[in-house]
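One structure below.
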């Protein structure tokens, strides 16, 4: 796997591949904010809406590429808005997705490591995320040293429309400053 950080132009060029990944993820049952069935047209529109945030530096997106150069995974970091002066040290890890036919090959772990290292390199010392409780993603985060902060019951609908709990996680990266 090779991880490529996408600038706004690269994101625009890869919207189709990322949309296919998003539809595969949602229609495969992963809870990443959408309901199934999820079609390619809506996925393309969602990714196109992210381009401005990448251009503004509010969102970083990485694509995991297989040996053929196909996008098989992605992860993002949402940085604090400039209007939040009390939180320049933290970022949210979002939309870690791996295509169903690429799972079990370390793509998710690789993307997680890339995002953690990039965050630390950007001066971020605290990352946080939420994920569906008891999901495969939860095992990945625990294995990667993330700390469980707690569970919120009935937080979000899963892709089939059933209310599910969400677990919050955090991880210190980089050097803590106070």
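Structural remarks
- When you restrict to C-alpha pairs under 8 Å that are six or more residues apart and normalise by the size of the stretch 67-107, the relative contact order lands at 45 percent.
- Per-residue ellipticity at 222 nm, computed for the chain from helices alone with -39500 (n - 2.57) per DSSP H run of at least four residues, works out to -10000 deg cm²/dmol.
- For the chain, averaging the sequence separation of C-alpha pairs within contact (under 8 Å, six or more residues apart) and dividing by the residue count gives a relative contact order of 22 percent.
- Rule-of-thumb Rg ratio for the chain [Cα; 2.2 N^0.38 Å; N residues]: 0.99
- By other beta-carbon atoms within 10 Å, ranking 169, 155 with the fewest at the front produces 155, 169.
- Beta bridges by DSSP in the stretch 34-178, antiparallel share as percent, to the nearest 5: 90
- If R0 is 25 Å, the Cβ-Cβ spacing of residue 147 and residue 86 corresponds to a FRET efficiency of close to 0.75.
- Annotation for residue 120 and residue 67: the two label points, set 7 Å from Cα along the Cα-Cβ direction, are 3.0 nm apart.
- Per-residue extension of 0.36 nm, minus the Cα-Cα distance of residue 162 and residue 56, leaves a gain of 34.7 nm for this segment.
No value in this document is a laboratory result; all are computed from the given coordinates. Treat the numbers as computed from the prediction; the structure is a model and nothing was measured. Counting neighbours? That spans all protein chains shown, and the Cβs are built from the backbone with ideal geometry, glycine included.
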